[in-house]
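Before any comments, here is the structure.
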Amino acid sequence: MVFSRLAILRIQTSEGTKRIEIDSDASTKKLYEMVYDSFGLKSFSFMICKDRRSPESSEIKSTTSRDIKSYSLKNGELLFIVPVNNVTLFESVSNGEAMDVSAPKPVQPSVQNVSKLSVGIALPPVKKNVLEDEVDRTLEHETGRIERGRDAFCQHGTNSRCVRCSALEPFDEKYLAEHNIKHMSFHASLRKLGSTADRGKYAQLDDIMCTLKPGCPNHPPDLEGGCPRCRPGAITLNRQPYRHVDNVEFENPQIVERFLNYWRITGNQRAGHLYGWYKPHKDVPLGIKAVVAAIYEPPQQNRREGIKFLDDPMEETVNTVAKEFGLQRVGWIFTDLVTEDPQKGTVKNFRNKETFFLSAQECILAGKLQAKHPNPCKYSSEGRFGSKFTTVCVTGDENHQVHMEGYQVSNQCMSLARDNVLIPTRDAPELGYVREPEKNRYVPDVFYKEKDEYGNEISKIARPFPVEYLLVDVPVATPLEPVYTFHVLQQGSSFPVENRSDIGETQDLMSLQSYLKQFEPGHFLEAASDFHFLVYITSIDLVPIKENIKHLIDAIKAKDMLQAYHWREEQPWATLEQLLQENVTGLTSSDEWTCKQCTYINQGRLVCDMCGYPKD
């Protein structure tokens, strides 16, 4: 008689026999995992069979698509473990005695085995030499399983587990719903791919192409419209169930407050680049958190209704300073704030489910930025898949308070924006539009699905379509205990932020001298622990500070006051201080001159306000 709910199966190995209690509705994959844990095996290279003499014909295959009862197993039935490819399944015993199967000690699988189990992709990495981000290499070696304690209805011993208390997979839908996690993490999605019957063998982790494949040998290169082999197929927009980043965390509130001061003074919108690093996010199974340590504000035109980015000659310098700190560009931030009541300090709320969260134009820009910062992935034939680049919008919430909302656009949107297929509509910011095919531009068919008045799901051409299909929510927060990679001063005493000359914040030698006057010589470390200060002094061409900046950054990271003081005494900085003392009185002359380096017209200074190049 086949057992109805719970039963005990006897599992025999070369080292002895153990009993396993399992639910009849459990998948055979769960049986394999329970055997693996119960015997403390070294590898998953084994099969479970009914007949030891003909294991292949009586094999119970590991899959999530079949449950235990489908194999008509009886209560107390004896099953056998057979190694595959002569793999050693048990740890060697030094004293030559047999393993004590009555009270086994739990054996943790090695890092290598955990990686194979967790990712679950049967094929080796497509790109073996891809250097993934450190956070990805860390999460690859974690099981990601969600441990649970004994249930009140558990009737087994302390060394056993049943379906009520066994660990859950990181992609378990019920667990994610109970904990209000809208999207599984990217690494959890990899585990889910590996849990299928084919062990992820046919999984495709490549960004889609929306243009003709270049270099097709089947026709001349100038053939209009290409051929069926080089044309991309039709695309159906789907909501992305996972996200590459699960949380954006600003180290402290002052980072955003300093950024928002521009809007408070001018009423114009502002944008900036987020610099930080990635780390595991413990609140989401196998999740990733982007930690922001600084905001750099590039050249831009600011208006009350929008922002336009300009070319940035300082981009390389900013990235150099950030890299020395172990930081990278992890996203971008922009404001969309309109004052409602100045007396109460409230702002208008016009981004909500009745209007839009990100406009089509913002989705396109976010997609292009994500495409410029791809996510390294060794399971992709291109060595990259998706992006960890995030978008943070500062706007008014439903309570009319200043509020931050985080997003990513889907990998589909990233590809559409990268290949210039997606454009905004003129009068409806919540709608995107797929370009019409042109003579010199092939555009694939793009569809999306929605329900009609009868509840039937129908496909419609994406001209236009709601951009909500492209969005992935990313929570934004600050920690309960603030962290300070860079020193924070009171407003008004901090070093001026770059590209704010329109509100009187200028970065020049006079502002540098005024800033340094606030600090005693022994507090130079405190003065130098400012991201904007470091970027500015690195850009000064009067003295070779750029070649020596690494030693100062090392002192800041180590919080070594003595090392910072010694750096201050070295020739490049000592020369600059001497120049400040000797020429500060001449910096206010009224002579107008044009910089030979950048052609900026200066008014009465000995060095260029724009690039720091000295006057003849």
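The values are calculated or read from the model by the stated rules, or taken from the named source; none is laboratory data. What you see is a predicted model, and the numbers here were worked out from it, not measured in a lab. We place every Cβ from the backbone using ideal geometry, glycine too, and count neighbours over all the protein chains shown. Side chains are part of the model used for accessible areas, which takes the heavy atoms of the whole protein and leaves out ligands, DNA and RNA. Shrake-Rupley method; radii C 1.70, N 1.55, O 1.52, S 1.80 Å.
What to note about this one:
- A Cβ distance below 7 Å, combined with a sequence gap of six or more or placement on separate chains, defines the contacts here; from the range 29-55, residues that are in contact (Cβ under 8 Å) with a residue 40 or more places away in the chain and among the aromatic types (Phe, Trp, Tyr) reach residues that are open to solvent by 10 Å² or more (accessible area, probe 1.4 Å) and in a strand (DSSP E or B) in the pairs Phe39/Thr13; Phe39/Lys18; Phe46/Ile81; Phe46/Val82; Phe46/Pro83.
- Selection status of Cys393, at pLDDT below 95, closer than 30 Å to Ile295 by Cβ, of a type outside the set (Asp, Glu) and surrounded by 14 or more Cβ atoms within 10 Å (Cβ to Cβ): no
- Qualifying positions in the range 214-248 - part of a loop (DSSP other than H, G, I, E, B), of a type in the set (A, V, I, L, M) and within 19 Å of Leu470 (Cβ to Cβ): Ala234, Val245
- Some residue of the range 184-192 being in a loop (DSSP other than H, G, I, E, B) and of a type outside the set (Asp, Glu): no
- Filtering the range 447-482 to residues that are part of a loop (DSSP other than H, G, I, E, B) and either at pLDDT below 90 or open to solvent by less than 40 Å² (accessible area, probe 1.4 Å) (or both) leaves Asp452, Glu453, Tyr454, Gly455, Asn456, Ala462, Pro479.
- Any hit, the range 424-432, residues being of a type in the set (Asp, Glu), in contact (Cβ under 8 Å) with a residue 40 or more places away in the chain and out of contact with any strand residue (DSSP E or B) (no Cβ under 8 Å at 6 or more places or on another chain): no
- Residue within the range 224-237 that is surrounded by 20 or more Cβ atoms within 10 Å (Cβ to Cβ) and in contact with an Asp or Glu (Cβ under 6 Å, 6 or more places away or on another chain) present: no
- Qualifying residue in the range 437-459 (condition: of a type in the set (Lys, Arg), touching a residue at least 40 places away in the same chain (Cβ under 8 Å) and within 26 Å of Arg229 (Cα to Cα)): yes
- Criterion (modelled with pLDDT of 90 or more, within 29 Å of Leu310 (Cβ to Cβ) and within 36 Å of the chain's Cα centre (by Cα)) met by exactly one of Ile503, Ile556: Ile503
- Looking across the range 249-267 at every residue that is aliphatic (A, V, I, L, M) and buried (at least 18 other Cβ atoms within 10 Å of the Cβ), the one that is farthest from Cys393 (Cα to Cα) is identified as Ile255.
- Some residue of the range 66-87 being open to solvent by less than 70 Å² (accessible area, probe 1.4 Å), modelled with pLDDT under 80 and in a loop (DSSP other than H, G, I, E, B): yes
- Residue that is farthest from Tyr32 (Cα to Cα), among those in the range 147-185 that are β-branched (Val, Ile, Thr) and surrounded by 15 or more Cβ atoms within 10 Å (Cβ to Cβ): Ile181
- Among the residues of the range 517-526, none qualifies, meaning not one is closer than 25 Å to Glu405 by Cβ, at pLDDT below 95, in contact with a helix residue (DSSP H, G or I) (Cβ under 8 Å, 6 or more places away or on another chain) and open to solvent by less than 60 Å² (accessible area, probe 1.4 Å).
- Asn440 falls short of the stated requirement of being surrounded by fewer than 19 Cβ atoms within 10 Å (Cβ to Cβ), on the phi > 0 side of the Ramachandran plot and not β-branched (Val, Ile, Thr).
- Applying the set (1) over 25 Å from Pro313 (Cβ atoms); (2) of a type outside the set (D, E, K, R); (3) in contact (Cβ under 8 Å) with a residue 60 or more places away in the chain to Gly492 leaves exactly one unmet item: (3).
- Every pair of residues 6+ apart whose Cβ atoms lie under 8 Å, when the first sits in the range 500-511 and is within 19 Å of Ile265 (Cα to Cα) and part of a helix (DSSP H, G or I) while the second is modelled with pLDDT under 90 and open to solvent by 20 Å² or more (accessible area, probe 1.4 Å): Ser501/Asp609
- Remark: Leu123 falls outside the filter, which requires a residue to be out of contact with any strand residue (DSSP E or B) (no Cβ under 9 Å at 6 or more places or on another chain), modelled with pLDDT under 90 and within 30 Å of Phe447 (Cβ to Cβ).
- Screening the range 529-576 for residues that are of a type in the set (Gly, Ala, Ser) and in a helix (DSSP H, G or I) and picking the one that is surrounded by the most Cβ atoms within 10 Å (Cβ to Cβ) gives Ala564.
- Residue in the range 354-361 that is closer than 13 Å to Val409 by Cβ, hydrophobic (A, V, I, L, M, F, W, C), out of contact with any Phe, Trp or Tyr (no Cβ under 6 Å at 6 or more places or on another chain) and open to solvent by 30 Å² or more (accessible area, probe 1.4 Å) present: yes
- Checking each residue in the range 27-65 for being in contact with a strand residue (DSSP E or B) (Cβ under 7 Å, 6 or more places away or on another chain), open to solvent by 70 Å² or more (accessible area, probe 1.4 Å) and either closer than 16 Å to Ser195 by Cβ or in a helix (DSSP H, G or I) (or both) picks out only Thr64.
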